[in-house]
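Derivation of every value follows stated rules applied to the coordinates shown; laboratory data play no part. In this text the structure is predicted, and so the values were computed from the model without any measurement. We place every Cβ from the backbone using ideal geometry, glycine too, and count neighbours over all the protein chains shown.
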Amino acid sequence: MKLSNIEMENKIQILTKFLPRHDIIGYASARNIRRLKEASVEYNEIRNDLLNKYGTAESDEDGKPTGRIGLHVTSPEFKLFKRDIEPYAILEHEVTIFKIPYESVCEKLTGSEILEIDWMLEDSDSPRDCG
């Protein structure tokens, strides 16, 4: 499957919520997150460098540093970050996605959840469907 770096980043975010599952859905999510992260290592390094460049150190309610860098979408620096990351965000890579049959998610996920991971589902050779 051909995916841009930004698409991979979005798919990782979506799959993260399925990681606690103890079934094929959790397994497939974990495998695909690993594959997506491997395919986007350089992009994430560039993204982190730009966050460090344009972001600001976060503090907790007591003013102590949290060790995180924040970059709010309303800040002027965000526009610069977006400008600098864009050429890398749109680059595409071929990623081998671990797919599972649609019937594996029947009665386990909501329709909305199925639509979120539709890209890693495939039709089964079995005549049985979700019905």
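The Cα center of region 1-38 and the Cα center of region 51-90 differ in position by 24 Å. With a threshold of 22 Å on the Cα-Cα distance, the over-threshold entries among K17/K99; K11/K99; K17/K108; K2/K108; K17/K79; K11/K108 are K2/K108; K17/K79.
Each label was represented as a point 7 Å from its Cα along the Cα-to-Cβ direction; for E103 and K64 these points are 5.5 nm apart.
May I ask you to derive the relative contact order of the chain, considering only C-alpha pairs under 8 Å and at least 6 residues apart, and to give it as an integer percent? Kindly include the intermediate steps, with their values, before the conclusion.
On the way: 139 pairs, mean separation 39.2, N = 131.
Averaging sequence separation for qualifying contacts and normalising by length gives 30 percent for the chain.
Between A57 and H72, the contour length at 0.36 nm per residue exceeds the Cα-Cα span by 4.2 nm.
For region 11-28, 3J(HN,Hα) computed residue by residue from phi via the Karplus equation (6.51, -1.76, 1.60; θ = phi - 60°) reads 5, 4, 4, 5, 5, 4, 6, 8, 4, x, 5, 9, 8, 4, 5, x, 4, 4 Hz, glycine and proline entered as x. Around the amide H of V95, modelled in the peptide plane, lie the amide H atoms of K2, L3, all under 5 Å away and 5 or more residues distant in sequence or on another chain. Taking only Cα atoms, what is the 0 to 90° angle, nearest 10, from helix 76-89's long axis to the longest principal axis of the chain? Computed tilt is about 50 degrees.
Among M8, M1, rank each residue by its count of other Cβ atoms within 10 Å, from fewest to most, as a rough exposure measure.
Values: M8 25, M1 16.
Going from least to most buried by this count: M1, M8.
Under a 5 Å amide H cut-off, with hydrogens placed 1.01 Å from N, E122 pairs with I100, Y102 among residues at least 5 apart or on other chains. Computed over all pairs of different Cα atoms, the Kirkwood value for the hydrodynamic radius of region 2-122 is 16.3 Å. Remark: region 36-48, residue by residue, has Karplus-estimated 3J(HN,Hα) of 5, 5, 4, 6, 10, 4, 5, 4, 5, 5, 5, 4, 5 Hz, where x stands for each Gly or Pro and the curve is 6.51 cos²θ - 1.76 cosθ + 1.60 at θ = phi - 60°.
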